[in-house]
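What follows is a single structure, written as structure tokens, with notes after it.
The values are calculated or read from the model by the stated rules, or taken from the named source; none is laboratory data. This structure is a prediction, so every number in the text was calculated from the model and none was measured. Reconstructed Cβ throughout: ideal geometry from the backbone, glycine too, with neighbour counts over all protein chains shown. Please note that ligands, DNA and RNA were not included when accessible areas were found on the heavy atoms of the full protein model with its side chains. Shrake-Rupley method; radii C 1.70, N 1.55, O 1.52, S 1.80 Å.
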Amino acid sequence: MVTINQYIEAMEKKDTRLLGSLFASDATYKDTCPEVAGLDKYQCHGREGIDMFFRNQFIFRKFSLAEPQIMSDKEALFVGIYGDYYLVAVATILDYDQDGNIRNMVVRPA
């Protein structure tokens, strides 16, 4: 089963292939933190969509994270860097598919 540690590791490395592999083929990823910065929230679907989304975020330096703290196997606290805006965020794995990949994940302001 995928843990939040694996998600954080992939995010820190900016490894979009690894990141995409953690998610189910029908996964949903939602991040409401950008709304605090006056931006649109992020929502993407499917392993390939999540991979592509983060590839663009990392290439264009629109997102990174710092100071992650693992709270449990399903939850982490970190500083999300959305362009020039820094925000404390919580990432939570909500559920998994039958293979143990992330099916639903949400990131929200802490």
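Scan (1) outside any strand (DSSP E or B); (2) open to solvent by less than 30 Å² (accessible area, probe 1.4 Å) for the single condition residue 55 breaks and write down its number.
Failing condition for residue 55: (2).
Only one of 9, 35 is surrounded by fewer than 19 Cβ atoms within 10 Å (Cβ to Cβ), assigned to a helix (DSSP H, G or I) and either within 13 Å of the chain's Cα centre (by Cα) or polar (S, T, N, Q) (or both); which?
9
Scanning segment 38-47 for residues that are in contact with a helix residue (DSSP H, G or I) (Cβ under 7 Å, 6 or more places away or on another chain) and not in a loop (DSSP other than H, G, I, E, B), which turns out nearest to residue 99 (Cα to Cα)?
It comes out as 47.
Can you tell me which residue is modelled with the lowest pLDDT among those in segment 27-42 that are of a type outside the set (A, V, I, L, M, F, W, C) and closer than 12 Å to residue 105 by Cα?
Residue satisfying both the conditions and the ranking: 42.
Quick one: residue 53 ticks every box in (1) touching a Cys at 6+ places or on another chain (Cβ under 6 Å); (2) farther than 16 Å from residue 102 by Cβ; (3) aromatic (Phe, Trp, Tyr) except a single one, so which number is it?
(2)
Can you report the number of residues in segment 82-110 which are within 15 Å of residue 36 (Cβ to Cβ), open to solvent by less than 20 Å² (accessible area, probe 1.4 Å) and of a type in the set (Val, Ile, Thr)?
Residues meeting the conditions: 2.
Is at least one residue of segment 59-81 surrounded by fewer than 13 Cβ atoms within 10 Å (Cβ to Cβ), in contact (Cβ under 8 Å) with a residue 12 or more places away in the chain and of a type in the set (A, V, I, L, M)?
For segment 59-81, residues surrounded by fewer than 13 Cβ atoms within 10 Å (Cβ to Cβ), in contact (Cβ under 8 Å) with a residue 12 or more places away in the chain and of a type in the set (A, V, I, L, M): present.
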